[in-house]
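Notes follow once the structure below has been shown.
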Amino acid sequence: MDIETLKNTLLQRVGESKAPNEVLKASEFRELYAKIPTLAPEERGAFGRQVNELKQAVEAAIQVREAELEESNVSPIDVTAPFDINAKKPTLLPSENGTTHPLMQEIQLVSDIFNRMGFVTEESREIDDQYHMFETLNFPKGHPARDDYDTFMTVETDKDGDPLIAPAHTSTMQVRSLIKYRDNLARGESIAVVVPDRVFRNEDLDARHEHTFYQVEGVYAAKGVNVGNLVATLQAFLEEYYGRALKTRINPFYFPFTEPSFEFSLECPFCENGCNICSQSKWIELLGCGMIHPNVLKAAGIDPEEYTGFAFGCGIDRLVMMKYGIEDVRHSESGKLNFLRQF
Ligand SMILES: [Zn+2]
């Protein structure tokens, strides 16, 4: 084999090797070196130079190859160091590998049902101020009922110096919704808004309590709205959601932001004579509701002498748990695949 052919062979070997430096130890090199003393003295110089040039060419190729290997072999992305300079643009997994979370599917369904009834859907926010959490809802500063809404607070404060909060109910959106759609009333139309979104409580966790869950808020205002409209709306929604006729009832209750206020119960959809889900009572206390308090309408710049309305707030996790017989509220935030894959 002449030296030129050998050079091509060795360079190719370097280009394919994971350990290119090893090529310098190839037997071909040893044979070339061994050949030098056997040559006639006048041939040795030229031959030696050729062997040297071959070695230099191989060494140069090894450097190139090693740089190439280094480039393709960066350390694995360290998730605890998101700004690692080694980090490459992540490849998104194909969306068909996943599915919509069961709670999100149900929230979409809840929203769709209300949309068909003429409600528009609005989003809540995950950090809010105490003005929308309490003041607009007729809980003045120092009102004892504020203690029922223990949630998380930020270090940052609002313009009154109060900490910002993670909203403990979607009712923070009531006055905003009334203001946003207030012009509907002047046109003789109603205000009809639902807010299905995330809320937070400072809870000790157990099968019935989560720190993060979902509610759907409903706000409806127009001329001449009464309790009958409230009950009919909720009943129509629940019958659509559970896909069957249901008996409902209301009992007096207290909320600062509705007057009168009610606890809305429905006949247990799962039994006729009592079961675990209804604690053998055949009724399930499902949600709080009532006629919007005149002070709340006033906070939104709506004249309570002219217009009335109703509002309700319903836990979505609870609706879903009852629909599918889910025994522990913590499953939905757990990310457990054996739970999620059932939907
Ligand atoms: Zn039951």
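Some observations on this one:
- Ranked Arg13, Arg187, criterion: other C-beta atoms within 10 Å, fewest first: Arg187, Arg13
- Proxy reagent accessibility, fewest Cβ within 10 Å first, across Val23, Val329: Val329, Val23
- Each of Phe262, Val58, Ser72 was scored by the projection of its Cα onto the charge dipole of the chain, and the greatest displacement toward the positive side belongs to Val58; charges sit on the C-beta of Lys, Arg, Asp and Glu.
- Local electrostatic count at Glu22 - Lys and Arg +1, Asp and Glu -1, tallied over other residues with Cβ under 13 Å: 0
- Structure-based [θ]222 nm, the chain - -39500 (n - 2.57) summed over DSSP H runs of at least 4, per residue, nearest 500: -10500 deg cm²/dmol
- Relative contact order of the range 205-343, pairs being alpha-carbon contacts under 8 Å that are 6 or more residues apart, as %: 32
- Neighbours of Pro269, meaning other residues whose beta-carbon lies under 9 angstrom from its beta-carbon, give a summed charge of +1 when Lys and Arg score +1 and Asp and Glu score -1.
- Rel. contact order, % - alpha carbon contacts under 8 angstrom, at least six apart, the chain: 14
- Listed as lacking a disulfide-compatible partner in the chain: Cys289, Cys314, by the criterion of no other cysteine Cβ under 4.7 Å.
- Counting neighbouring beta carbons within 10 Å and listing from fewest to most, the residues Val193, Val231, Val58 come out as Val231, Val58, Val193.
- Once the gyration tensor of the Cα atoms in the range 205-343 is diagonalised, the equivalent ellipsoid follows with semi-axes of 31, 18, 13 Å, ordered largest first.
- Placing +1 on the Cβ of every Lys and Arg and -1 on the Cβ of every Asp and Glu, with no other charges, gives the chain a dipole of roughly 640 debye about its Cα centre.
- Residue-count net charge about Lys141 - beta-carbon cut-off 15 Å; Lys, Arg +1, Asp, Glu -1: -4
- Range of Cα positions in the chain per principal axis (Å), largest first: 120, 53, 41
No value in this document is a laboratory result; all are computed from the given coordinates. This is a predicted model, so every value here is computed, not measured. We place every Cβ from the backbone using ideal geometry, glycine too, and count neighbours over all the protein chains shown.
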